[in-house]
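The numbers here are math on the coordinates, done by the rules we state, and not lab data. Here the structure is a predicted model, which means the values were calculated and not measured. Positions of Cβ are generated from backbone atoms using ideal geometry, with glycine treated the same way; all protein chains shown enter the neighbour counts.
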Amino acid sequence: MRSILSMPRNGHAVKLRKGTKATVQGATTSDYFSITVHHGYDGDTCTVTLNDPFLPPVLGDHIPVRLAGIDTPELKGDCAAERALAIQARDFLVARLATAVRVDLHAPARDKYFRLNGRLLADGQDLSQALITANLARPYDGGKKLPFC
């Protein structure tokens, strides 16, 4: 498996070191498929391509993925404090992905906005839980979101 991952950070692309791998685990199979992570939009959303030769590009190219089980502040939030925390959450996610040797997407499923929703692991660490531990995200079950301001 070979993947090239790049994440925009402060207007620059950050390329991962050679040999970095990323995979997605299918919901009904234990097989892993190579993915490419293109960018992190905010702390709980990134864009990936599923590198499966049997998938047409319309189904697997540049697919938004939402990290399951969390809510992070919005970049276009209601107050300056929320926007600043959103940047910290995004940078945290980008940094973890940029330094990971292996990135896995586990149990992907569609959310209410048709994004993939799943657990993203960087070198085995659940990034949703890492964001919560760093006080950059809240647990989220799909219900009403609480304000950050």
Worksheet item: Once the piece of chain linking D52 and K144 is laid out straight, how much longer is it, given 0.36 nm per residue of separation minus the C-alpha distance between them?
Response: 29.6 nm
Response to the item:
Scaled by the rule-of-thumb 2.2 N^0.38 Å, the alpha carbon Rg for segment 28-147 gives a ratio of 1.05
Worksheet item: Which cross-chain or sequence-distant (5 or more) residues have an amide H under 5 Å from the amide H of R119, H modelled 1.01 Å from N in plane?
Response: A68, H106
Discussion item. Taking the number of other C-beta atoms within 10 Å as the exposure measure, put T99, T36, T72 in order starting with the fewest.
Written reply: T99, T36, T72
Item to complete: Pop a pseudo-label 7 angstrom from the Cα along the beta-carbon direction at both R110 and A81 and give the gap in nm to one decimal.
Response: 3.9 nm
Worksheet item: Quick one: Karplus J couplings for segment 138-149, per residue in order, coefficients 6.51, -1.76, 1.60, θ = phi - 60°, nearest Hz, x for Gly and Pro?
Response: 10, x, 9, 10, x, x, 5, 7, 8, x, 8, 9
